[in-house]
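What follows is a single structure, written as structure tokens, with notes after it.
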Amino acid sequence: MKEVISPERKIVLPGDLIGKNPKKAGPGTYVENNRVYAGIFGLLDEKSLRVIPLKGRYIPEVGNLVIGIIEETQSNGWSVDIDSPYEAFLPVSEYPGRIPQGKDPKDIMKTGDVISAKVVNIDPLMRVYLSMKDRNAKILNRGRLVEIIHTRVPRVIGRKGSMVSLLKKELGISIIVGQNGRIWVFGEEDKANIAIECIKIIEREAHTDGLTERITEYIKNAKKRPERS
Amino acid sequence: MKLSNEIVADIKRDYVYQKLRNNERIDGRGFTEFRKIRIETGIIDKAEGSAVVRIGDTEVMVGIKMQPGEPFPDTPDRGVIISNAELVPLASPTFEPGPPDENSIELARVVDRGIRESEAIDLEKLCITEGEEVWLVFIDIHVLDDDGNLQDASALAAISALLNTTIPNERFGYGDDEILPVRDLPVSVTSLIVDEMILVDPSSDEEKLSKSRITITTDTHDNIVAIQKSGAYTLTEDKLYEVVDISIEKAREIRALLRDV
Amino acid sequence: MEDIKLIVDGRRIDGRKPDELRNVKIEAGVLKRADGSCYIEMGNNKIVAAVYGPRSLHPKHLQNPNRVVVRYRYNMAPFSVDERKRPGPDRRSVEISKVSKEAFEPVIIKELFPRSSIDIFVEVLQADAGTRVAGINAASVALADAGIPMKGLVSAVAVGKVDGEIVLDLVKEEDNYGQADIPVATFIRAGKIEGITLLQMDGRVSKDELKKALELAKKGCMEIYRMQKEALINRCRGDEIVE
């Protein structure tokens, strides 16, 4: 994918010296001999001394809302693919509904089903535990699934959720954004298509200014397109 | 590696499928439309002939190597074609290192059959000393990026590379180098069968819907020179003829690209 | 073969001076399916590298509870050399894969991804001496492109002794008829060489010659490093040639 990055952003490579105050070292950096170096290829945020990744796999954190795909059903729960090096586990006890007598987990959700869920625990071996006892947790058996680079998720959400709100309001659709880069969109087909196009633009132009204005404009023009039957 | 079974979200697969039910492919193509095809030849100087073919984002390289060797006892005056395919793990998260599996063997053999049966190469011209020494032609298929329909990309890369091949006479002391004579242009067209629908040149997203494929290879006279039904499904006669008609027509279009190679 | 002159009036058979690299072209992000990728041409070498991961590692007994497992597969296409190479791994490519992997392990920050793996695949499409170092250069860019945390970049060249002279970046004839071949990979941080992560040698050189060879290798690695950096920056500036 071709990136669009405003030229004033400084691109750094692993090993570039970015600071001399180890106390300030943020994510995407490492410290050696009291110097702060870039640990990944990305964009330097000089203020908070961190490197914003351009790519890379999603590493789960407690509290993240993720969109997962059921991989396997076990007697005590489900293993869930969250597009990360670590698969997650959703125990039966964290499923919000009651499992009726005589039924087991595979009658509730099967391989290939899509869910949104919250990361509630990660042990030192990076075993990840999910819960669906959360108001944003759902079984997503209709709608569309889009995948973007997870590092661009904050831009899709926008400041205090402004971007997602914009898409929802202007297009009258439902959206759930997983921190792992999976985004669920549900609504009228033409509107959902516009939303997905917008998400792709946000992903590509995540590191530029004036994104909200451009998206507003894009939606305005897109809504004028003749509806397909 | 467990990754060999790519987990696909049902709703994603359903969406591709729903679109098809509405007579639409997710990338907006017509059902019998190929993605954009690009052919480049002569990339590998070490090879006697080479080509890279891109069909959309799928990318396959073929290199041709030739060396003298023994003929088969039953064809003492004919050269030998040896085809091989490697699905190197670089090309897809689902490919694993190791000896060729059934998929890469099938891939190579279907390419081989098209070239052999169309008699694209005049094997008699590849005899050096009858019964003792003939040219061995190695067709090595190297998959670089798998976004679906490796079969047609490989076949097209193979014939493109052959069109670009020089017989290395000098290196082995047999006089001047000469162009490898290619007499025909076999072209394969692969379709994915989803329910009753025929999807020509399936992308990797579409290949996740169904394993039912059929490849039809035709020559310059619209003769069929190879067929491969691949996948556990039942093909009806009507469907077969429909696919054959489409394949002949599509192969003609692709063959026109080969004339510029 | 002793009487073949490989250096005449200070020029090598391809016209280079002893301390000159071949033409190098590096492009990052060339494959769709891989997490990170890179294509490199170093002289007549044509190599593509892909990185997948970190991803979950199966079977479980291969996992390390404390750090990521790095795997490296160097492979030559059958048509990459004059005499067709039989497909699949041979003893040479197994050894190259091992030392190449070891060239990256000290540089990759491995503690961040326990139990998972990073898979590096290097495909040599055309070979003309120095494929392992060219492959390492491509792999280094592909790793950065994949967003893998590293302490720096790895840059590599081969140096050798030809007609009694120490030269940089050997071509095949120099490799075959020269007196020594020394592939070297270095860990470069903040524009400075921090150390050597791969070193092999075959042939015969004196200690002084080895010193001289390493100096030349360091100079070559710095040049490669600058080109690797440029390739990565071009990838996001979007000013490389679009087909």
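Numbers below:
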read-out	value
Debye intensity ratio in log₁₀ form over the Cα atoms of segment B:222-261, taken at each q of 0.15, 0.16 Å⁻¹	-0.46, -0.51
Lys, Arg +1 and Asp, Glu -1 on Cβ, resulting dipole of segment A:65-139 about Cα centre, debye, nearest 20	360
Convex hull of segment A:11-53 built on C-alpha atoms - directionally averaged projected area, nm²	2.3
Size of chain C as Cα extents on the principal axes (Å, biggest first)	56, 41, 36
Per-residue average of Cβ from other chains inside 10 Å of C:32-38	6
Using θ = phi - 60° and Karplus 6.51 cos²θ - 1.76 cosθ + 1.60, couplings along segment C:116-124 (whole Hz; Gly, Pro as x)	10, 10, 10, 10, 10, 10, 10, 10, 8
Rounded, prolate or oblate (a/c below 1.5 giving rounded, otherwise prolate when a/b exceeds b/c) for segment A:144-223 by Cα gyration tensor	oblate
The protein assembly as shown: calculated mean residue ellipticity at 222 nm from DSSP helix runs of at least 4, using -39500 (n - 2.57)	-8000 deg cm²/dmol
Listed residue (A:Asn141, B:Leu192, A:Tyr129) projecting farthest to the positive dipole end of the protein assembly as shown, Cβ model	A:Tyr129
Other protein chain Cβ atoms within 10 Å, averaged over every residue that makes up C:111-118	4
Rg/Rg_ref, segment C:64-141, where Rg_ref = 2.2 N^0.38 Å and atoms are Cα	1.20
Packing-based ranking, highest mean first, of B:15-26, C:162-173, B:80-91 given that Cβ atoms within 10 Å are counted	B:80-91, C:162-173, B:15-26
Solvent-free Debye scattering, log10 I(q)/I(0), computed from the Cα coordinates of chain B at q = 0.07 Å⁻¹	-0.26
Charged-residue dipole, Cβ positions (Lys, Arg, Asp, Glu), segment B:2-258 about Cα centre, Debye nearest 20	780
Charge dipole (chain B, unit charges on Cβ, about Cα centre) - positive-most of B:Val134, B:Leu180, B:Ala51	B:Ala51
Peptides C:83-92, B:138-147 ordered by average Cβ neighbours within 10 Å, highest first	B:138-147, C:83-92
Radius of gyration and Dmax over the Cα atoms of segment A:65-139, both given in Å	11.4, 35
Separation of the B:Thr166 and C:Arg91 label points, Cα + 7 Å toward Cβ, nm	3.5
Estimated FRET transfer efficiency when R0 is 56 angstrom, pair B:Lys208-C:Ser206 (beta carbons, to 0.05)	0.40
Furthest towards positive pole of dipole, C:Met201, B:Ala256, C:Leu214, structure part the protein assembly as shown, Cβ charges	C:Leu214
Debye equation applied to the C-alpha atoms of segment B:92-192, log10 I(q)/I(0) at 0.12 Å⁻¹	-0.49
Cα-centred dipole magnitude for the protein assembly as shown, charges only on beta-carbon of K, R (+1) and D, E (-1), debye, nearest 20	4560
Qualifying trypsin sites (Lys or Arg not before Pro) in segment C:4-70, DSSP loop, other Cβ atoms within 10 Å at most 12	C:Lys5
Residue of A:Glu94, A:Glu213, A:Glu61 that the Gaussian network model of chain A assigns the largest fluctuation, springs spanning Cα pairs under 10 Å	A:Glu213
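Computed from the coordinates by the stated procedures, all read-outs in this text should not be read as laboratory data. Fair warning: this is a prediction, and the values are worked out from it, not measured in the lab. For neighbour counting, all protein chains shown are included, and Cβ atoms are generated from backbone atoms with ideal geometry for every residue, glycine included.
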